[in-house]
Structures are given as structure tokens and as C-alpha cells.
Amino acid sequence: GDSVTQMEGPVTLSEEAFLTINCTYTATGYPSLFWYVQYPGEGLQLLLKATKADDKGSNKGFEATYRKETTSFHLEKGSVQVSDSAVYFCALTSNTGNQFYFGTGTSLTVIP
Amino acid sequence: NAGVTQTPKFQVLKTGQSMTLQCAQDMNHEYMSWYRQDPGMGLRLIHYSVGAGITDQGEVPNGYNVSRSTTEDFPLRLLSAAPSQTSVYFCASSYRGGIEPLHFGNGTRLTVT
């Protein structure tokens, strides 16, 4: 079945450090891939998405590229800020179905 | 511009009690869904609906019922609460399902003692 594997956290970085959160997936068909972010006490919010191979999703300085050959969708940011502290979830959905599959989440803490 | 509204925010139940978690959206979304979030497990789909009158099971449906009588509302019912249902529950919706991104409510934290 479809699934998402995400690097375990927690991750602690200093402000302005480079961020990578790894995500790989298993899916039948041609999935769309997403990164969601969850701030404390809130629901998940869409951060970025990519709907086909080689697409790059980007938002708020975050980027992820849909790599079909490595079945990956790693999240990157060149210079993190304290306000980026949150839990990040990788997710996929197939265009043939109506179910999203989420990774286990990676907690990021950015210290000044 | 309310988006997805969940009530209550917190709830404590005793084993065997029943309750309904409410979810309403004002975006005219056809697709609605319920997830539970548990530590180390991520989000797991309980039930979903692709339109009024249509519901289907997700990954972990046991112990939960849903109905969709209107486009706006998608309540989740726990018929006989168990400690294993202690979790944070999220309702999410999208315009048509499929690859459309989900819009989430702020969650309901449920504790079953």
C-alpha cells in the first residue's frame, strides 16, 4: 500500500542554519506529494506541494523537489528562523483515490 | 472566514461513554475527513466523505461512526469510548478530494479514562 517514511526527530538547529528533512514514499500510480507544517496548538497547514515528477514546490523559503527515480521529496531551507520551529509532515495522495498518507512528523526547534 | 471549525477543543470521557465530535466547514468543500494524531504514528485516516450522503472508511475506522447529511457538517461519533481512543482528532476538508490540498481544523484533544 501507499506509505510515507520521514526522518525521525527531533531536530534542533541554530538560527540561520541549513535545514534538510528527508522524506521517501511508496505508492502505486502517480502520487502528488505535500509538506504540511503544524504549529503548537494548531491544525496542519499546507506548506508546499508537487504534483508530478521533477516539480519543485516552494513557499516561505522552503523547497522540495519531487524525485521519482529516488521516490523522495526532501524538504530544505537555506536559513532557518526561530519562527520556523514546528512539526513538519510529509504526505502523499494518489490521483486515483481519496486518501492522504502522512509521515510520522519531524519536530524542528530553532534556537537563537 | 472561519474555514474548518471543530468543537469541542478538549473533552474527557469515561470508558463506555459516547460523544460526538463536531466539524463544520464554510468553504463549500465536497470532501471531508477525520484523522487521529498519536505520538510516533503521524496522522491516520478514520473516515472520509466525498459528498453529502456518501461516506467511506479509512485506515482506522473501528469504534467510530460518521454521517454526512449536509455539505457543511461531518460529525464523528464514538459509540462506546475506550482508553485506546485517547488522541487528538483533526477534521480536514478539500474542494473535491483527490490531489486537492487539505484544510485542517485546530483539533479536539480527547482523553478517555
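The values are calculated or read from the model by the stated rules, or taken from the named source; none is laboratory data. Just so it is clear, the structure is predicted and the values come from calculations on it, not from any experiment. Backbone-built Cβ (ideal geometry, glycine too); neighbour counts: all protein chains shown. Side chains included, ligands, DNA and RNA excluded: accessible areas come from the protein's heavy atoms. Shrake-Rupley method; radii C 1.70, N 1.55, O 1.52, S 1.80 Å.
Return one whole number: the accessible area per residue of chain B in Å², for a 1.4 Å probe.
47 Å²
Can you tell me how the protein assembly as shown classifies by the Cα gyration tensor, rounded, prolate or oblate, using a/c under 1.5 as the rounded cut?
Prolate, because a/c is 1.5 or more and a/b exceeds b/c.
If you roll a 1.4 angstrom probe over the protein chains with everything in place, what fraction of the accessible area of the protein assembly as shown belongs to carbon and sulfur, to the nearest %?
48 percent
List, by residue number, every residue in region B:30-63 with a reduction of 50 Å² or greater in accessible area between the chain on its own and the complete protein assembly, 1.4 Å probe.
Listed in order, they are B:Leu43.
Under the 0.36 nm per residue contour assumption, what length would be gained going from the current alpha-carbon distance of A:Ser79 and A:Thr28 to full extension?
14.9 nm
For the interface of chains B and A, what total accessible area is buried with a 1.4 Å probe, rounded to the nearest 100 Å²?
1600 Å²
In nm, give the distance between the simple-model label positions of A:Glu16 and B:Asp26, each being 7 Å from the Cα along the Cα-to-Cβ direction.
About 4.4 nm separates the two model spin labels.
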